Amino acid sequence: MTSRSAELTEFFAGNRDVIVCALTSVRGSSPRAQGTFMLVGRVELFGTIGGGALEYLVIEHARRLLAAGLAREAMDVPLGPEIGQCCGGRVGVTLSYADQEQRLALSAQVAAEDRALPHVYVFGAGHVGRALAQILAMMPVQLTVVDTRREEIALLPAHIQTQVVAMPEAVVRHAPAGSSFVILTHDHALDFLIAQEALARSDCAYVGMVGSATKRARFASWFLAEGGTASALERLVLPIGRQGLGDKRPEVIGVLAAAEIMVHIGRGEADIARASATVSTGATDGC
């Protein structure tokens, strides 16, 4: 994903007058959660609070504030027929002028959010790897494409982070906790080594390999013979993008695999959030 922190820095540099529009309360159904913010300049925008009639209404109010030289306003908006939406909820929106202190605070917040994004490593910059990488580059993840072949890496867009290494499996060992690993190199033996390293970790959000049922059977036989466990093997997604379409075009595989990866990441984040909520409330399974 393109760094939101860099985008925000560019936005602030190009917009002297900015209104911060933040969702301060959410009741019922809403397109975005409490705490979400959008920045409105005289012409440009940064971020979104959900689009639709709500966003257009807030943008209009924000630009009225700018035109009038006012610094603050609060809105209470029903997301129903009154504004042409049918979410059914209600949101509170605070609009405030972004002074230097608030700009610094928002920049720090967005930079921290960027650093907290989950890591996804794509091993292999061939046709499928490049297609998948360009899709994942639009997702809220920290993407790195790894390959032994400099000429293949060179075919990727410049904004995608890459590594050219002789031993890609070593990258797995040093990846942050919660990382996802997608394996689609030009060499099945290398695929197996990378997958072995990934499955040796218990903290991966996703481990997937491109291939067929035959490739899975061969990997399983090799993996178990090398001391791998059946429980670890169950965590391997092979083939990737298993939605049953049978379409082997790189772009289609890339879309399906990207969706699959994001689902695994989302489930993992939801599990962590539920566990954290249970700890914070002191909930137990007892009476």
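A few remarks follow.
- Checked against the criterion of being more than 16 Å from V182 (Cβ to Cβ), at pLDDT below 75, assigned by TED's automatic domain parsing to the domain that holds A205 and surrounded by 10 or more Cβ atoms within 10 Å (Cβ to Cβ), the stretch 237-260 has at least one qualifying residue.
- Residue in the stretch 45-67 that is assigned to a loop (DSSP other than H, G, I, E, B), farther than 30 Å from H159 by Cα and over 27 Å from the mean Cα position of the chain (by Cα) present: no
- A count restricted to the stretch 42-86 and to residues that are of a type in the set (D, E), at pLDDT 85 or above and exposed (fewer than 12 other Cβ atoms within 10 Å of the Cβ) stands at 1.
- Pair list, Cβ < 7 Å and 6+ apart or interchain, from the stretch 19-47 residues that are over 16 Å from E60 (Cβ atoms) to residues that are modelled with pLDDT of 90 or more and of a type in the set (F, W, Y): A22/F37; F46/F11; G47/F37
- Odd one out for V172, checked against (1) under 22 Å from L256 (Cα atoms); (2) outside any strand (DSSP E or B); (3) β-branched (V, I, T): (1)
- Number of positions in the stretch 111-153 that are in contact with a strand residue (DSSP E or B) (Cβ under 9 Å, 6 or more places away or on another chain), part of a loop (DSSP other than H, G, I, E, B) and not polar (S, T, N, Q): 9
- For A177, the conditions (1) surrounded by fewer than 19 Cβ atoms within 10 Å (Cβ to Cβ); (2) under 12 Å from Y121 (Cβ atoms); (3) among the small types (G, A, S) are fulfilled apart from (2).
- Test: residue in the stretch 155-163 that is of a type in the set (G, A, S), surrounded by 20 or more Cβ atoms within 10 Å (Cβ to Cβ), on the phi < 0 side of the Ramachandran plot and in a loop (DSSP other than H, G, I, E, B): no
The values are calculated or read from the model by the stated rules, or taken from the named source; none is laboratory data. Only a predicted model underlies this, so the values are computations on that prediction, with no experimental measurement involved. As a convention, Cβ positions derive from the backbone with ideal geometry for all residues, glycine included, and neighbour counts pool all protein chains shown.
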